[in-house]
Amino acid sequence: MRIGVLGLPNTGKTTLFNALTGMDVEVGPVATLKPEPHVGMVKVPDVRLDYLAGVYEPKKTTFADMELFDMMGIVPGGGKDSPGRRVCNQVRDVQALVQVVRGFSNPMVPAYEDRVDPVKDVELVEMELLFADLELVEKRLERIEVSLKKGLDKDALLKERQVLERCRSALEDEKMLRDMEFSHEELTILNTYQFLTQRPELIVVNVHEEADSGEKERLVAAVKEQLSSADTDVVALSAKVEMEISQLDDEDRQMFMDDLGIVTPAAELVAQHAYSLLGLIPFFTVGKDEVKAWTIRAGTTAVKAAGKIHSDIERGFIRAEVIAYQDFVACEGNVGKAKEKGLFRLEGKDYVVKDGDIINFRFNV
Ligand code: GDP
């Protein structure tokens with residue numbers, strides 16, 4: 001899963017990036033001028049995997065992960081070929097966006113237009129994404145006209161033009177593509193592009209270290225009210241505090257979180273939201289060698305899930321041996337007990353894998 005972190009300059013993108021990846025990239029107003037994105041991996045925390053690792057004591061435990069791209073700040077209103085537009089085009093091949101907006105004041109770190117107004121800032125960045133998509137649509141429409149004049153594949157081009165014209169008029173009305181209804185055929189055409197306003201998006205309001213839960217709730221509600229877009233979600237956290245927490249060892253981390261009343265650390269919060277926005281779920285494979293979380297889309301069948309592990313397992317699929325995570329815990333991690341209770345199931349190709357299923361695939365190639 002690839003996720004792009006973007007927003008106006010000095011909103012705390014790199015700070016959040018460090019908090020999520022555990023890296024220690026330089027932050028601050030100067031470091032903000034990064035021409036290339038920072039890239040890092042984020043482990044998707046899951047207490048269920050911790051439990052399974054406790055039962056199997058494997059040589060290796062592999063969490064699901066996300067690849068994070070920390071982009072340069074977007075300066076609004078630059079138009080074509082501006083650095084802001086370049087950032088938009090650089091971030092196109094991600095599956096989801098995390099937009100960081102400034103909710104903290106800090107006189108040492110200049111804010112865009114010297115104000116702290118998350119609602120306005122979200123609006124500005126959304127407009128930049130929208131303009132970037134509009135530019136892409138217009139460019140493609142121009143090329144289609146040229147190809148049509150040359151008499152190339154007329155039917156396909158006319159269909160493509162029709163759907164792009166729909167997109168153009170929506171974008172001109174300041175409507176995000178994720179809020180539009182498309183037919184399957186239209187989506188197939190659109191998926192050959194990488195439209196930013198079609199991507200699910202998590203807005204992170206980066207609040208002051210001392211913001212209490214009331215302040216966080218107020219900001220989240222204000223941004224949600226303004227946004228009202230499909231496949232978007234809003235959370236508030238302090239990236240600075242989260243970065244400090246991520247740099248502590250396990251024991252100190254828990255103490256620090258308890259002190260600050262943080263129940264879910266940022267890495268987990270962002271992973272949870274990204275997962276649900278993208279309609280993803282994990283299933284687990286277990287053994288003495290490795291306990292591992294695999295990421296699939298909700299609704300994936302057993303045979304396709306098998307293909308995630310290896311194409312041979314998909315090809316030679318016989319059946320899936322499945323225990324639901326909750327059942328496994330109820331049987332105290334004892335497979336024999338699960339069998340006795342009828343909680344160890346044999347499922348066929350078309351079984352729809354559930355969040356947290358523990359699966360062993362039988363196959364023959
Ligand atoms: P970016 O330009 O969006 O990547 O911003 P950075 O992550 O580099 O942060 C810019 C500056 O803002 C740094 O000096 C950070 O220490 C500061 N900063 C980030 N988050 C917070 C926060 O939650 N509270 C305060 N007071 N400062 C923060």
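Some notes on this structure:
- Checking each residue in segment 238-282 for being among the small types (Gly, Ala, Ser) and within 20 Å of Asn206 (Cα to Cα) picks out Ser238, Ala239, Ser246, Gly261, Ala266, Ala267, Ala271, Ala274.
- From Val109, Val146, residue being out of contact with any Cys (no Cβ under 8 Å at 6 or more places or on another chain) and in contact (Cβ under 8 Å) with a residue 24 or more places away in the chain: Val109
- Hey, Gly22 in contact (Cβ under 8 Å) with a residue 60 or more places away in the chain, over 30 Å from Gln198 (Cβ atoms) and within 16 Å of the ligand (Cβ to nearest atom) or not: yes
- Residues satisfying the stated conditions in segment 178-208, i.e. in contact (Cβ under 8 Å) with a residue 12 or more places away in the chain, more than 16 Å from the ligand (Cβ to nearest atom) and farther than 23 Å from Phe131 by Cβ: Glu185
- Members of segment 220-243 that are in a helix (DSSP H, G or I) and either touching a Ser or Thr at 6+ places or on another chain (Cβ under 9 Å) or not acidic (Asp, Glu) (or both): Val220, Ala221, Ala222, Val223, Lys224, Gln226, Leu227, Ala239, Lys240, Val241, Glu242, Met243
- In summary, Leu171 fulfils each of the numbered conditions (1) out of contact with any Leu (no Cβ under 7 Å at 6 or more places or on another chain); (2) in a helix (DSSP H, G or I); (3) surrounded by 19 or more Cβ atoms within 10 Å (Cβ to Cβ) with the single exception of condition (1).
- Scope segment 293-311; condition open to solvent by 20 Å² or more (accessible area, probe 1.4 Å) and under 20 Å from the mean Cα position of the chain (by Cα); matching residues: Trp294, Thr295, Arg297, Ala298, Gly299, Thr300, Lys308
- Only one of the numbered conditions (1) under 26 Å from Gly103 (Cβ atoms); (2) open to solvent by less than 30 Å² (accessible area, probe 1.4 Å); (3) free of Cβ contacts under 8 Å to residues at least 12 places away in the same chain is violated by Thr264, and that is (2).
- Residues that are within 16 Å of the ligand (Cβ to nearest atom) and open to solvent by 80 Å² or more (accessible area, probe 1.4 Å) within segment 244-257 comprise Glu244, Gln247, listed in sequence order.
- Helices (runs of 4 or more DSSP H) enclosed by segment 268-360 - at least 1 residues per element that are out of contact with any strand residue (DSSP E or B) (no Cβ under 9 Å at 6 or more places or on another chain): 311-315, 325-330, 335-340
- The numbered conditions (1) β-branched (Val, Ile, Thr); (2) away from the ligand (no atom under 16 Å from the Cβ); (3) in a strand (DSSP E or B) are all true for Val39 except (2).
- Matching residues in segment 103-120 - criterion: being of a type outside the set (Gly, Ala, Ser), part of a loop (DSSP other than H, G, I, E, B), within 14 Å of the ligand (Cβ to nearest atom) and crowded, with 16+ Cβ neighbours inside 10 Å: Phe104, Val109, Val116
- Of Arg86, Arg2, Arg48, all but one fail to be free of Cβ contacts under 8 Å to residues at least 24 places away in the same chain, away from the ligand (no atom under 12 Å from the Cβ) and basic (Lys, Arg); the exception is Arg86.
- Residue count for segment 209-243 satisfying the condition of being open to solvent by 40 Å² or more (accessible area, probe 1.4 Å), within 19 Å of Val5 (Cα to Cα) and within 11 Å of the ligand (Cβ to nearest atom): 1.
- None of Gln95, Gln90 is more than 15 Å from the chain's Cα centre (by Cα) and surrounded by 14 or more Cβ atoms within 10 Å (Cβ to Cβ) except Gln90.
The values are calculated or read from the model by the stated rules, or taken from the named source; none is laboratory data. Note that the coordinates shown come from a computational prediction; the quantities given were computed from them, not determined experimentally. So basically every Cβ, Gly included, is an ideal-geometry build from the backbone, and we count neighbours across all protein chains shown. Only protein heavy atoms, including side chains, enter the accessible area calculation; ligands, DNA and RNA are left aside. Shrake-Rupley method; radii C 1.70, N 1.55, O 1.52, S 1.80 Å.
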